[in-house]
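One structure is given below, encoded as structure tokens.
Every number here is computed from the coordinates shown, using simple stated rules; none is lab data. What you are looking at is a predicted structure, and each value in this text was computed from that prediction instead of being measured. In this analysis, Cβ positions are derived from the backbone assuming ideal geometry, glycine residues included, and neighbour counts consider all displayed protein chains.
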């Protein structure tokens, strides 16, 4: 989808029942395909390069889980416009003195480069960045927080699965992971959650890794509070598992991968039953 002058969509789409039927909430921050018209004036690369930042069609991977009762919060705007899996500390440009390590690497709140190539003729100034944060970032994460609070209120615990896709990981001499489960090295979820997710991967013959090279970023770090019965993990899936050659369009494997993702989510939800609840310890 190219940049458009059409009215902008809402910041996110909420899928699933109004009242949570299960503890499961899914976040999809990087599958947005709306490119505001300003991108055309600002970009220094072909539009196709900006699309490489997307978790292409990851929003379709959550459909079976939603149909089974999960709530999903799906971002609508492209990652090139704002990265909802970054915090406000990542808002500075790569050359700013206050830039975070992610921003210096080109992967801040607004990505500034990919594969060493500058993305923009002009990086958004402070006022523009603040406008994007208030219009998109703040309301998206408020929606995630509200969904988790509602799930916990109904079920005593809640699980956030942050859904992502990744480029193929090449590891010479060893099998590359096709799935990476991140829990910030045990900080954002009980160990049983990642273990359950990994067991599903192994059952399907998919090489899996935990926290390497993706341990999870702002979304699970911000929302995951195991001590308060809200657990959060990030799931990265190799794009070649569900996209055609060229990684632009869904392949015939999309339906099967969506079913796999749902299975992983529900096994992770089931693992919550074996975890101690904070309220029981009070």
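Decide, for segment 133-176, between rounded, prolate and oblate: order the square roots of the alpha carbon gyration tensor eigenvalues as a ≥ b ≥ c, take rounded if a/c falls under 1.5, and otherwise choose prolate if a/b is larger than b/c, else oblate.
It is oblate, given that a/c is not under 1.5 and a/b is not larger than b/c.
What FRET efficiency do you get for residue 150 and residue 270 if R0 is 30 Å and r is their Cβ-Cβ distance, rounded to the nearest 0.05?
Between residue 150 and residue 270 the formula returns 0.90.
Going highest first, how would you order 60-72, 192-204 by mean Cβ packing within 10 Å?
Averaged packing, sorted descending, gives the order 60-72, 192-204.
Test of understanding: in a Gaussian network model of the chain with alpha carbons linked when under 10 Å, which of 46, 212, 158 would top the mean-square fluctuation ranking?
Maximum among the listed residues: 46.
From the square roots a ≥ b ≥ c of the eigenvalues of the alpha-carbon gyration tensor of segment 62-179, which class results: rounded (a/c under 1.5), prolate (a/b over b/c), or oblate?
oblate
Give the separation of the Cα centroids, segment 191-250 to segment 67-125, in Å.
Segment 191-250 and segment 67-125 have Cα centres separated by 20 Å.
In terms of the Cα gyration tensor, with a ≥ b ≥ c the square roots of its eigenvalues, is segment 199-255 rounded because a/c is under 1.5, prolate because a/b exceeds b/c, or oblate?
prolate
P(r) tail for segment 159-282, what percent of Cα pairs lie past 25 Å?
Cα-Cα pairs of segment 159-282 separated by over 25 Å account for 24 percent.
How high is the FRET efficiency between residue 240 and residue 45 when r is their beta carbon distance and R₀ equals 22 Å, given to the nearest 0.05? If you can, show how the numbers build up before the last one.
Working: r = 23 Å, r/R0 = 1.06.
Efficiency for this residue pair is about 0.40.
Kindly give the semi-axes, whole Å and largest first, of the ellipsoid equivalent to segment 1-116, taking each as the square root of 5 times a Cα gyration tensor eigenvalue.
Its equivalent ellipsoid spans semi-axes of 28, 17, 12 Å.
Pull up the DSSP beta bridges for segment 101-253 and report the antiparallel fraction as a percent, rounded to 5.
Roughly 40 percent of the DSSP beta bridges within segment 101-253 come out antiparallel.
For a quick check, take a GNM of the chain with Cα springs below 10 Å and name the residue from 19, 269, 28 with the largest mean-square fluctuation.
19
Considering only DSSP beta bridges where both residues belong to segment 165-249, give the percentage that are antiparallel (nearest 5).
Here the antiparallel bridges make up roughly 50 percent for segment 165-249.
Restricting to the chain, compute how many DSSP beta bridges are antiparallel as a %, nearest 5. Walk me through the numbers on the way to the answer.
Working: 13 of 35 bridges.
Of all bridge pairs located within the chain, approximately 35 percent are antiparallel.
Between the helical axis of 254-271 and the dominant principal axis of the chain, each derived from Cα atoms, what acute angle in degrees is found, rounded to the nearest 10?
Long axis of 254-271 versus the principal axis of the chain: about 50 degrees.
For the chain, take the longest principal axis of its alpha carbons; what is the angle in degrees between that and the long axis of helix 191-203, to the nearest 10 within 0 to 90?
80
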